[in-house]
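**Q** Starting off with a structure, shown below.
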Ligand code: SF4
């Protein structure tokens, strides 16, 4: 089980995570949000964490 933590205060709303992973979407607040935070498989969320320019996506496996 993988757990995703998003430090939403640090998100600059660049959309990079949404471009590489369909578990991420932009919210009305102009920031990205994960659709699911607990997943059996990390999948593209690993890539989302890697491309985030401010490092606000954290993954715990
Ligand atoms: S890549 Fe990071 S800073 Fe950019 S929208 Fe996603 S979570 Fe926010």
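A short reminder: the numbers here are calculations on the coordinates, not readings from a lab. On a predicted model such as this, the values are computed, not experimentally measured, just so you know. Glycine gets a Cβ as well: all are built from the backbone with ideal geometry, and neighbour counts include every protein chain shown.
**Q** If you average 1/r across every pair of different Cα atoms in the chain and take the reciprocal, what Kirkwood value do you get, in Å? Provide the component values of the computation, followed by the final result.
**A** On the way: mean 1/r = 0.0895 Å⁻¹.
For the chain, the Kirkwood estimate is 11.2 Å.
**Q** Stretch residue 38-residue 12 to full length: gain in nm at 0.36 nm per residue minus the Cα-Cα span? Display every interim value, and only then the final one.
**A** Numbers: separation 26, 0.36 × 26 = 9.36 nm, distance 2.29 nm.
My answer for the length gained is 7.1 nm.
**Q** Can I ask one more? What FRET efficiency comes out for the pair residue 1/residue 58, r = Cβ-Cβ distance, R0 = 22 Å, nearest 0.05?
**A** Details: r = 15 Å, r/R0 = 0.68.
FRET efficiency, residue 1 to residue 58: 0.90.
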